[in-house]
Structure formats: C-alpha cells, structure tokens
Amino acid sequence: MRFAIVFLLLLTGLVGAKPVRNGHVEVDLVAQPGTPVAGQSLEVGVHFKMDEHWHVYWKNPGATGYAPRFKWNLPKGWTAGADMTWPVPQRLVIADLQQFVYEKEVLLTTKVSVPADYKGEPVKLGAEVEWLACSESCIPGKAKVELELPEASVPTALFQKSANELPQSTGNIELRSWRVGPQKAFLEYPGEAGDKADFFADSAEANFDGAPVWQAGKGLEIPVHEKDQRLQGVLAIEQGGQRKGLLVDVPIDAKAPDKPLNTAGPLAPSAGGVSFWSALLGGFVAGMILNLMPCVFPVLSLKALSLVRQNQDGPQAHWVQGWVYTAGVLVSIWAIAAPLLLVTSGTSSLGWGYQMQSPLFVTLLATLFLGIALNLFGLFEVGEGLTQLGSLAEGKKGYSESFWSGIVATVSATPCTGPFMGAVLGYAVTQPGPVAFLVFTVLGLGIAFPYLLLCGVPATRRWLPRPGAWMESFKIAMGFPMLGAMVWFVYILANLLSAEGLGLVMGGLVIMSLGAWVFGRWGYSPESAVRWKGKLAAALFGLVGVGGAAAVAHSSDYGHSAHVQVAHSENGLTWEPFTPEKLEELRKEGKPVFIDFTAAWCINCKVNEKLTLSEASVIEAFKSGKVVTLKADWTQRDETIGKFLAGFGRTGVPFYVFYPAGGEPRPLPEAITPAIVKSALNG
C-alpha cells in the first residue's frame, strides 16, 4: 500500500510540505527522490518560483541586490553543506546597472549529510530563507519552509533540470586571458561560443562598468579592475538552443600569447584531436574490436552456431541474413544512443554503458543469458532449437533470429569499451545531431561487419568447419559461456542491489529455470491436455520468476545501501574516493593526483586495474612520486562523476587522468599499460 501512495505522489508531483508564498515569490523545500541512506548524503534544495517580470539574484548579484540566504534547521546529527549550487544566471541591465539574476524559477541545492545511526524513521528538515525580489521595485522576502522525510520527494526531472543548468569544469578545454587595458581583460577560448556568450564574475568586488563584448571567432573582452590577477567566474554560452556554463579560473597575463587557439567548430570539451573523418574511421574500427572483447564472447558463440548452420545449408550466400543482423545491431545502437544524445550535450551524467547502472536492465540481461544457456543445454527446445538461439521465442525463425541476434550482440557490448571508443564517443556527443547519429551508425556497422562479411562473401565461409555430429556437443559446450555471462551480470547486481534483493532475484531465476524445465518436459507432449497444462504451468513459472526478479530489481527498497566510496588499500597503495572538492584541495596543496574512473560492470576497467594499476613498477612510481590516487566509482549513476567525465570529452569508463603538481591535466587512453602510466607520471 505504501508503494502505491508513494507512486501516486511521484506521479502527481506532490511533496511533503506545502510551498510558501511571500509577495511575488513562492518558495518550497524539496529533496531528491529516494529514501535517505545512513552515512550518505541527500540532495536537498530550495525551489523558487517567481511571478512574471520578477527575479531573484545569483550568488554574486552584480552592481545591486543581494543573493538568497539560508539558515538550516535540521535534526540532531544532520548537517547541511556550507555552499549551495548556483545554476548559470541571466544578465539584466537596468539604468546601466549590471545585475545577475534568475527569472521564472530556479532550484538551489546542497548536500545534507545523513547520520550513520539513521534507521529510516520520519524526520523533519527546515530552512529559513531570505531573498530580494525585484521588478520595477524591489521587495525583500522571507519564509520558513519544511520537508518531511522519507516520504516527501519531487520528480527527478526537477533536480535533473537544475543539474543541467549548473556550470561545469572546463576539463581539458584550454582557456587563456590577458590584459588589453588597465580595466579590460580578454578571455580566449577554443571554438565559437556565438554572440550570446557572457561572463559572470565570482567576486562581488568585480568591475560592473559594462557587459563583456563578444569578438567573433576570438572570445570576450571583459571589464576587470587594474589590481585583478585572475579571471574567476562563469563563462556562459548558447549552442543548439541550450545554455551551458563553464567554470573559469585563469591568470590574467600581461600580454597576449604569440599563437591563438584553434577557433574551428563549437566550444566543447576536446575529444583528443579527433576530426570528423578520424571519428568515422575510429568508430568503425572500435566496433569491430568490440567483437573481440570478453563481454561479447558469449554472443560470438551464438554467431558461430548460426554460421555453422548456414554452412550446412550449402554454398549459397545468405547476404540477406547478414543485413537483417546488421539492422538489429543498428536499431539497438540507435536506441542506446538516443537518450545519450538527447540529454548529454556535453554535460550529462549519462555515458556509454549507462544501462548497466540500472538493476532492472542487468536483471533482464541475466535472465536472457540464463535462458539461452538452458536452451543450449537442451533443458527445453523452442521450435527448431538451433535456429532459435537469437530470439528464444517460438516462431521467430530465419530473419527474426538474425535481427534479435544483432540486438543481443549490441546490448552485450555495452559494458565494454575498446581502443578509440572514448575519443570517438566523446567527439560524437559534442557534435550536431546528424553528425553524432552518423558516428554511432558507423560504430554499429563496425560491430556487424565481421558477421556481414561471412554472410555476404561465400569464400569467407570456407574458414568454417564442415557440419557433422560434433555440432551437438559444440552446441552444449557453448552453453557454458552463456552461464559465465549470467554470472557476470549477477556480480554486477551484487554492486547494485542489497543482499536481500540479490537473493530474491536469484530466486526468481531459479523459478524461471523450473518453468523452462516444465516446458521442455511436458510442453511437447503428444497428449493435447498434458501439452496445454505443461505450457500453462511453464508460462506461470516464467511470469512469476522473471516478473518477480524484475519487480525486485526495479524497487528502491532493495537498492544497494552499502555502496559508499571509502578509502581502501590495494597492493599497498591507498585509493581515496574522488570528489571535485577533494581534487581541488589536493591541487591547492601542490600534490600530484591520479584519478581512476571505473565501474564494477566495466570489464576493461577490471583488466586495466589487474594488469596495469596493480603492477609493481606502477605502484612504485606512484609511491616514489608521492602521487595521491583517487578512485571515481561510476557503478551507480553519479551526476558529479558523469559531468566531470563530460568535461574531458568522455562519455564512459574506463578513463584515467593525471594532474601533475601545478600542471595541466594529462588524460590517458582507455587501454593503459605500465609504460603509458609511468610515462604520464614522468611528464
């Protein structure tokens, strides 16, 4: 019953506390969806809604006004962060006064730490909020707002919208600034930000004598004080109808550099020098290489059996089968790319492999591969058995088998990245829609190419063995890689679900297996009544098993409450949890920092960690260089990590970056060796 109530609240957008209106502003205290977890932090925000033509102010209001102020009233043991997040503001000029404001609505958030002894009991959070609302006149306002947890929440979209409006780290975007006069500095950036570019200074003591002046293909001329040594604030740009912000903190040099930055293309995180044609070539090669990755190996078993069957049918080229398989690959790659391209725009927390952060998705994959394994072992047969491996559904023969095999191959590839993948996908998500769509399409063609070649060119099928009695043994043997894949997905679930949730999902898989056995034992009985009852019982077992496992995986009650990043030691090397604040603190202390962006579901990450980051000479290099090692665990979706990756033009893991003391960051490739890591450390 409680689930139904919470679901209805989320559906209708209700929250636990009533908004407070004061004058022309409505204020509400809101919390991110989900139950607070002991020892972790909860994102809480104050949501402002302003009447038309009214505004409130940014953290630096500009030449006039003042920013909203907050005083938190929290239960014992609960603590709020010292700072709020501030989305990119708008510039408003009234009577030559430069003001930095928010219009219509804004959500200002902070992290509230949940005490370690919290056991889920109802608690009430409160805040006293003060603001200045202005239009033709200005009216101070204040309100006391409250929020009751754990039931109160708001739709995820509100927090996602606010997160998308936050200024991001520049990552490896190079910015430069120099003086062009006693009270003017020039900010140069790569690419073209357009004439809607703007700059908002952090300091309330900044020069507000005028607005920045945009110079086509160059950058912004910004008012500064003669004493200013650094340019600090937010660079706002508008691309593709979306407004973005970049955090700026660069020294103001005395003179302009000798060589200008590259101004071709949009302002976006660098994709490592990737051009349009190199992205297409790299995408195609990366797609082919994915066929060799261990996460795709079980699907190669399916392909092998299918190709042996085609060889058995005779020398006729089955190029149509190959193109239908390719269509399955492309449809699935487009389905994966669509949400990535729609919400990314270079700043989203989504990335390649984002589906593996969903317990429901991983559970369905485990179910699929268990079903394939049971079919190969002969526990049950669907149709003609050998011709049905791609679909596992009665009546899906021939072309449908090839289409579904293409989908399975692509979905199985998502936990993996290979050489070129990071730079290519990083390039794709920063490009206009048609270009990004083309890059993902070429990647899909690379995945499909080996099978398409074997299907379309008869001579290549001479490499395949002749059909014979060995095929039945080979068929059964190929069930073990499928079981291996299922075990891998269960391992991923162990990092996404609680122990109770994982146990319930495993129970669902056992019930599904029982249904498969019942179907194989009685589903093809010559007696009509027995056959009907067998199929009905199998369907019920399958529905209860798969449906129950999916329901558990989808329920927030069984989330992994223990998935907290803590400092830990590996082979004598201490890895501390990554946060942007921790990185900034270490950089200010002048310490070199190495960051490993990883995930439990990322096979390439595990290989790199085992063969390279655990290698004795690499560990010694870290220790001798007094390098602080940080680990950013992206097993579960994390807005902060996703946006930090986007700042480097990356959409997934693995990713590695080294920050030398006082130097610029040095990104490393996805596939690392001891020599590559030591070379980065030594400069």
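So I94 ticks every box in (1) among the β-branched types (V, I, T); (2) surrounded by fewer than 18 Cβ atoms within 10 Å (Cβ to Cβ); (3) closer than 24 Å to L42 by Cα but one. Which box is left unticked? Status for I94: all satisfied but (3).
Looking across segment 640-679, the residues that are free of Cβ contacts under 8 Å to residues at least 60 places away in the same chain and small (G, A, S) come down to G663, A675, S679. When S412 is tested against (1) at pLDDT below 70; (2) assigned to a helix (DSSP H, G or I); (3) among the polar types (S, T, N, Q), just one condition goes unmet, and that condition is (1).
Just name the residue that is surrounded by the fewest Cβ atoms within 10 Å (Cβ to Cβ) out of those in segment 97-136 that are more than 26 Å from G65 (Cα to Cα) and aliphatic (A, V, I, L, M). Per the criteria, the residue is A116.
Looking only at residues of segment 137-156 that are over 17 Å from F48 (Cα atoms) and modelled with pLDDT of 85 or more, we find that the one that is surrounded by the most Cβ atoms within 10 Å (Cβ to Cβ) is E148. Among the candidates V618, V627, the residue that is in contact with a strand residue (DSSP E or B) (Cβ under 7 Å, 6 or more places away or on another chain) and touching a residue at least 12 places away in the same chain (Cβ under 8 Å) is uniquely V627.
Please tell me if A549 is in contact with a Leu (Cβ under 9 Å, 6 or more places away or on another chain), modelled with pLDDT of 90 or more and buried (at least 19 other Cβ atoms within 10 Å of the Cβ). It is true that A549 is in contact with a Leu (Cβ under 9 Å, 6 or more places away or on another chain), modelled with pLDDT of 90 or more and buried (at least 19 other Cβ atoms within 10 Å of the Cβ). Of all residues assigned to segment 546-559, none qualifies as being more than 27 Å from the chain's Cα centre (by Cα) and free of Cβ contacts under 8 Å to residues at least 12 places away in the same chain. Checked against (1) out of contact with any strand residue (DSSP E or B) (no Cβ under 9 Å at 6 or more places or on another chain); (2) part of a helix (DSSP H, G or I), W601 meets all criteria but (2).
Of the residues examined, I492 is not one that is farther than 22 Å from G378 by Cα, touching a Cys at 6+ places or on another chain (Cβ under 6 Å) and in contact (Cβ under 8 Å) with a residue 24 or more places away in the chain.
Taking segment 624-683 as the range and being in a helix (DSSP H, G or I), touching a Leu at 6+ places or on another chain (Cβ under 7 Å) and closer than 30 Å to L158 by Cβ as the test, only G642 passes.
Here the condition is being modelled with pLDDT under 90 and among the charged types (D, E, K, R); of D596, D557, it holds for D557 alone.
Yes/no matrix, rows are residues, columns are (1) over 16 Å from Q90 (Cα atoms); (2) touching a strand residue (DSSP E or B) at 6+ places or on another chain (Cβ under 8 Å); (3) modelled with pLDDT of 85 or more; (4) in a loop (DSSP other than H, G, I, E, B):
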residue: I173; (1), (2), (3), (4): yes, yes, no, yes
residue: R179; (1), (2), (3), (4): yes, yes, yes, no
residue: F199; (1), (2), (3), (4): no, yes, yes, no
residue: E205; (1), (2), (3), (4): yes, no, no, yes
residue: A211; (1), (2), (3), (4): no, yes, yes, yes
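Evaluation of G240 against the conditions (1) at pLDDT below 75; (2) under 28 Å from A67 (Cβ atoms) shows that the sole unmet condition is (2).
When the residues of segment 26-56 are narrowed to those that are more than 28 Å from the chain's Cα centre (by Cα) and part of a loop (DSSP other than H, G, I, E, B), which ends up nearest to A133 (Cα to Cα)? Across segment 26-56, the extreme among qualifying residues is W54. Filter segment 644-683 down to residues that are in contact with a Pro (Cβ under 9 Å, 6 or more places away or on another chain) and of a type in the set (D, E, K, R) and give me whichever is modelled with the highest pLDDT. Step by step, filter segment 644-683, then rank; the result is R666. When L611, L630 are checked against the criterion of being among the aliphatic types (A, V, I, L, M) and either within 25 Å of the chain's Cα centre (by Cα) or in the same structural domain as Q160 (by TED's automatic domain parsing) (or both), a single residue qualifies: L630.
The values are calculated or read from the model by the stated rules, or taken from the named source; none is laboratory data. What you are looking at is a predicted structure, and each value in this text was computed from that prediction instead of being measured. For neighbour counting, all protein chains shown are included, and Cβ atoms are generated from backbone atoms with ideal geometry for every residue, glycine included.
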